[in-house]
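Read the figures in this text as sums done on the coordinates, not as results from a lab. Fair warning: this is a prediction, and the values are worked out from it, not measured in the lab. Counting neighbours? That spans all protein chains shown, and the Cβs are built from the backbone with ideal geometry, glycine included.
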């Protein structure tokens with residue numbers, strides 16, 4: 001007999017090791033077999049509701065850490081509200097439209113040496129729908145593997161006709177209330193995809209661009225100039241005037257290039273950048289008058 005067998009230790013059915021790679025799938029399978037989500041809905045029927053709208057991910061690839069963070073945080077909130085006794089349904093969804101999906105389909109076509117232009121619009125859309133649905137099913141299983149509880153059997157998909165019809169109805173309600181109007185605004189345009197771009201889809205990269213100082217001669221003063229700084233010199237021919245700030249102080253800086261009027265706070269920076277030497281012969285305080 002071992003010495004530990006002589007001790008009156010508490011007994012537990014819990015294993016001594018977590019063994020999570022095996023245990024987690026067992027728990028998820030148990031939840032699915034017992035239809036946990038539906039049981040929660042039945043148990044919370046008639047209770048105060050807590051609704052969290054799921055901003056849908058694109059159905060254009062496997063989930064990444066951003067998807068995981070997004071869904072886990074939502075899952076925490078929904079489960080917390082459910083544990084407080086509220087009816088907290090969670091309906092996941094997917095955005096099945098847009099450039100991310102189209103670009104992936106074009107990539108697959110390119111690998112098969114097929115040009116997008118060789119397909120009709122309906123054929124290309126059909127391929128996009130098939131691609132989106134494929135990754136809806138893939139992402140669904142990946143989210144379920146994270147332990148996210150939701151109505152996975154009836155998610156909302158933006159490509160479903162019923163969803164699109166509801167969008168039209170809601171838009172009609174907006175128009176009927178008089179809160180929508182027709183107007184014009186500049187939008188980003190992709191010359192490759194030949195379509196408008198959402199601001200969220202725009203990516204920027206750092207670029208070094210030359211900047212210049214330009215002096216504009218004062219009409220009623222001899223050899224005196226207002227100095228401006230710009231990174232877009234090609235716009236200068238269309239300029240109609242130079243603006244000054246009514247509350248800033250300006251100085252008259254006499255150089256071998258003439259007397260230059262610049263903002264007092266920027267004088268040292270101006271001298272360093274232009275390597276001009278000179279002296280301040282006048283300072284205009286308070287409101288600057290040209």
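When averaged across all projection directions, what area in nm² does the alpha-carbon convex hull of region 212-284 cover? Working shown, then result.
Values: hull surface 20.9 nm².
The Cα convex hull of region 212-284, projected and averaged over all directions, gives 5.2 nm².
To the nearest 10 degrees, how steeply does helix 161-176 sit against the main Cα axis of the chain, on a 0 to 90 scale?
Around 50 degrees separate the two axes.
Can you compute the modelled spin-label distance between residue 222 and residue 3, with each label point 7 Å from Cα toward Cβ, in nm?
Result for the modelled spin labels: 11.0 nm.
Using a Förster distance of 51 angstrom, determine the FRET efficiency expected from the C-beta separation of residue 235 and residue 167, and round it to 0.05.
Details: r = 41 Å, r/R0 = 0.80.
My answer for the efficiency is 0.80.
For region 68-139, evaluate the Debye formula with one uniform point scatterer on each Cα (no solvent term) and list log10 I(q)/I(0) at q = 0.12, 0.17, 0.27 Å⁻¹, rounded to two decimals.
Result of the Debye calculation: -0.50, -0.72, -1.21.
Please quote Rg/Rh for region 20-177 to two decimal places, taking the Kirkwood radius as Rh and restricting both calculations to Cα atoms. Mind dumping the intermediate values first?
Working: Rg = 18.6 Å, Rh = 17.8 Å.
With Rh from the inverse mean 1/r over Cα pairs, Rg/Rh is 1.04.
Working out 0.36 nm times the residue gap between residue 158 and residue 48, then minus their Cα-Cα distance, what length gain in nm do you get to one decimal?
Working: separation 110, 0.36 × 110 = 39.60 nm, distance 2.81 nm.
That works out to 36.8 nm of additional length.
Against the longest principal axis of the chain, how steep is helix 99-111, in degrees 0 to 90 to the nearest 10, with axes from Cα atoms?
Computed tilt is about 80 degrees.
Going by average Cβ density within 10 Å per residue, which order do the peptides 13-21, 84-92, 229-237 take, highest to lowest? Please list the in-between numbers first.
On the way: 13-21: 7.6, 84-92: 17.1, 229-237: 10.0.
In descending order of packing, they fall as 84-92, 229-237, 13-21.
Can you give the FRET efficiency for residue 31 and residue 184, using 1/(1 + (r/R0)^6), R0 = 51 Å, r = Cβ-Cβ distance, to the nearest 0.05? Present the calculation step by step, with values, prior to reporting the outcome.
Values: r = 52 Å, r/R0 = 1.02.
With a Förster radius of 51 Å, E is 0.50.
Residue 20 to residue 272: extension gain in nm, 0.36 nm per residue of separation minus the Cα-Cα distance? Could the numbers behind the result be given before it?
Values: separation 252, 0.36 × 252 = 90.72 nm, distance 6.36 nm.
Working it through step by step, the gained length comes to 84.4 nm.
Let me have the relative contact order for the chain, percent, based on Cα pairs under 8 Å that are six or more residues apart. Write down the numbers at each step before the final one.
Details: 285 pairs, mean separation 35.8, N = 290.
Over the chain, the number comes to 12 percent.
Helix 65-83 sits at what angle to the longest principal axis of the chain, using alpha carbons and giving 0 to 90 degrees rounded to 10?
The angle comes out near 60 degrees.
Points 7 angstrom from Cα along the Cβ direction at residue 257 and residue 196: gap in nanometres?
4.4
Using the per-residue mean of other Cβ atoms lying within 10 Å as a proxy for protection, in what order, highest first, do the peptides 61-67, 126-132 fall? If you can, show how the numbers build up before the last one.
Values: 61-67: 12.3, 126-132: 17.4.
Output ranking for 61-67, 126-132: 126-132, 61-67.
What FRET efficiency would be calculated for the residue pair residue 125, residue 203, taking the C-beta separation as r and a Förster radius of 30 Å, to the nearest 0.05?
Working: r = 26 Å, r/R0 = 0.86.
Here the calculated transfer efficiency is 0.70.
Could you check the spin-label model distance between residue 77 and residue 244? Points 7 Å from the Cα along Cα→Cβ, value in nm.
It is 5.3 nm.
If packing is taken as the average number of other Cβ atoms within 10 Å across a peptide's residues, how do 178-186, 138-146 rank, most packed first? Spell out each step's value before the answer.
On the way: 178-186: 6.2, 138-146: 16.3.
Ranking, from highest mean packing down: 138-146, 178-186.
What is the percent of Cα-Cα separations in region 104-250 that go past 17 Å?
Details: 8796 of 10731 pairs.
Within region 104-250, distances greater than 17 Å cover 82 percent of Cα pairs.
Against the globular-protein guess of 2.2 N^0.38 Å, express the Cα radius of gyration of the chain as a ratio, rounded to two decimals.
Numbers: Rg = 32.9 Å, N = 290, 2.2 N^0.38 = 19.0 Å.
This ratio for the chain stands at 1.73.
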